[in-house]
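Bear in mind these aren't lab numbers, they're just calculated from the coordinates by the rules spelled out. Because the structure is a prediction, the values reported are computed rather than measured.
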Amino acid sequence: MAEFHKAAKTTDLEPGAIICVDVAGTRVALYNLDGEFYATSPSCTHIEADLSDGYIEDDEVVCPLHFASFNIKTGETTGPPADEDLTTYPVRVHGDDIEVEI
Ligand code: FES
């Protein structure tokens, strides 16, 4: 059964930042999009580059290796060469904690 688990502090993630963290044994990428937090699977679906090494452009994360892009809110692939979407996870803020439902 999915439950919310603490993933990070809100102060760990400045606007525009991406970090990868382990949440209840699952690795996720966490994003701060203008003060709203989102979580996806951590690796590009092309050949598994770590998305926390990439960068945010508007609502998309751009892969550091071959520049595939994904919508951070929906996980949808928005640019080649990746052709599979990311998994997304529900996120909530509880006090100073960012919590992810896994
Ligand atoms: S590993 Fe991300 S585009 Fe190739």
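Amide H contacts under 5 Å for A68: C63, A82, restricted to partners 5 or more places along the chain or on a different chain, H placed in the peptide plane at 1.01 Å from N. Across the chain, the relative contact order, built from alpha-carbon pairs under 8 Å that are at least six residues apart, equals 29 percent.
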